[in-house]
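Data block below; observations after.
Computed from the coordinates by the stated procedures, all read-outs in this text should not be read as laboratory data. Values in this document were obtained by computation on a predicted structure and should not be read as measured data. Note that each Cβ is placed from the backbone with ideal geometry, even for glycine, and that neighbours are counted across all protein chains shown.
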Amino acid sequence: MAGGLVGSEILKIAADIRELGREGVEVCNLTVGDFDPGQFPIPTRLSEDIQDALAARQTNYPPSNGMLELREAVQRFYGRSLGLSYPVDSVLIASGARPCIYAAYRALVDPGETVAYPVPSWNNNHYCHMIGAKPLELVCGPKTRFLPTGDAVLEALPKARLLCLNSPLNPTGTAFDHRALQGICEAVLAENRRREQAGERPLYLLYDQIYWMLTFEGVEHLTPPQLIPELARWTIFVDGISKAFAATGVRVGWAVGPVDVIKRMSAILGHVGAWAPRAEQRATVGLLDDPEAIAEYHAGFKSGLLARLRGLYRGFAALAEDGLPVEAIPPMGAIYLTVRIAPFGKRTPDGELLETNEDVRRYLLDAARVGVVPFQAFGVGESGQGWFRLSVGAVSEQDIAAALPRVAAALKALR
Ligand code: PMP
């Protein structure tokens, strides 16, 4: 299993960019799903409360399923901001969203069982590999903004033990609309009614909403239990502060779901030891219980993200108007923009033929000093041809404004 694990494609690309940096070449780095703390610091209150908690010697083991104060704070937070009501035993704290995803896969899926998920998607292929699950990939395209619909999942559900969804979606920055999610929820409900009658184990729904607080005007974040309350029995939420508060290195995440499943996940993580540090947990309580601090922080944070995403979006729209082979999908949430760059069949000034996304990625890095991630890093093959993820967490608006003319010049230099 370990020998067959594939490393992150994105980290490989990031290594290329670091190498250029060492040579003194400045790159507009749109590759990492992370934040430059210089551009996007964590909330002041979170930072101060972590330091206070450490000073108050919050340095021993936390309870393995999370500190009760934080589990209660998440419970209140979901009630207040999502209208979801759960007992505190439905909440599990871990060191970020990743351990929660791993524990959900581990708890729900036996080796050889099937996990269905749309592609492009983030890392489901790797979790399947670790668990020994059979991946059932549902290929989504630009017509549905790369998200699945009820019809798209229908055939897969009878075969699957687990369906994994993510909205807003990494890598696309797009989010479910009411109709698509409603369709999927109805399909899951119908499948579980059938299984109940047949005495079969249920289908579970992993709902990764790590970016839900980062949705932009006019986009409402939706959850399965809000649309069909009965789905709470089978939905496991994965969430945390990593993206919502630019706190990727602080390592506090949580899962919320049916008590029996959460208990099993907690038992697994207890042995893994993937706990969030005590001081960080303590500080997260204060943050989640402070709606004003959250609103104030998000006003600045989201407008900063949106300004960058819009800058890129408008820039690519202008290139398309100029007749260049590009297109962009309007940003709805998260920190990503989906862009099509398709100069296939053309040659670079050095005479190299551009045939694949990898060729285009390399050319843009060499000729325009812009780093982008091909959709192939997100589990798609041919269908991702031409499509790229652009991430804005580590660049300024000026970086973007300076990079766009370089992209234009590089594309215009093709023959
Ligand atoms: N889910 C999605 C969709 C993500 O993009 C990421 C981070 N790239 C994670 C989960 C993992 O979050 P964390 O850093 O809290 O483990």
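Backbone phi angles across region 266-274, fed through the Karplus curve with coefficients 6.51, -1.76 and 1.60 (θ = phi - 60°), yield HN-Hα couplings of 5, 4, 5, 5, x, 7, 6, x, 8 Hz in residue order; Gly and Pro are listed as x. Under the rule of at least 5 residues apart or a separate chain, name every residue whose amide H is placed under 5 Å from the amide H of W254. Under 5 Å from the amide H of W254: A94, D239, G240. The amide H of L324, built 1.01 Å from its N in the peptide plane, has no neighbour under 5 Å, considering only residues 5 or more places off or on other chains. Each part reduced to its alpha carbon centroid, region 304-355 and region 362-415 end up 7 Å apart. For region 60-153, the relative contact order comes to 20 percent (Cα pairs under 8 Å, sequence separation of at least 6).
Mean silhouette area of region 44-290, derived from the convex hull of its C-alpha atoms and averaged over all directions, reads 12.8 nm².
Amide H contacts of V139 (H built 1.01 Å from N, in plane; Pro and chain starts excluded): V119 sit under 5 Å, all sequence-distant by 5 or more or on other chains.
Only loop residues by DSSP count here, and only those with at most 12 other Cβ atoms within 10 Å; note down the GluC sites (Glu not before Pro) in region 90-191 that meet that. Sites meeting the loop and neighbour criteria: E155. For region 1-86, the list of trypsin sites (Lys or Arg not before Pro) that fall in a loop by DSSP and count at most 15 other C-beta atoms within 10 angstrom reads R57. Across the cross-link table entries K134/K302; K263/K302; K143/K346; K12/K134, which are compared at the Cα atoms, the separations over 29 Å belong to K134/K302; K263/K302. If the viscosity is 1.567 mPa s and the temperature 4 °C, what Stokes-Einstein diffusion coefficient in µm²/s follows for the chain when Rh is the Kirkwood radius over Cα pairs? Diffusion coefficient, whole number: 58 µm²/s. Helix-only arithmetic for the chain: the sum of -39500 (n - 2.57) across DSSP H runs with n ≥ 4, divided by the residue total, places the mean residue ellipticity at 222 nm at -13000 deg cm²/dmol. What are the ³J(HN,Hα) couplings of region 130-141, residue after residue, when phi is run through the Karplus curve with 6.51, -1.76, 1.60 and θ = phi - 60°? Round to Hz, x for glycine and proline. With the stated coefficients, region 130-141 comes to 5, 7, x, 8, 8, x, 10, 8, 9, 6, 10, x Hz.
Under the rule a/c < 1.5 gives rounded, and otherwise a/b versus b/c splits prolate from oblate, where does region 313-357 land using the Cα gyration tensor? Prolate shape, in that a/c is at least 1.5 and a/b is the bigger ratio.
When Rg and the Kirkwood radius Rh are both evaluated on Cα atoms of region 1-69, their ratio Rg/Rh stands at 1.15. Computed 3J(HN,Hα) for region 230-244, one whole-Hz value per residue from the Karplus formula 6.51 cos²θ - 1.76 cosθ + 1.60 where θ = phi - 60°, is 4, 5, 4, 5, 10, 9, 10, 7, 10, 7, x, 9, 4, 9, 4, glycine and proline marked x. When all alpha carbon pairs of region 200-354 are counted in 10 Å bins from zero, the resulting P(r) reads 9, 26, 28, 20, 12, 5, 0 %.
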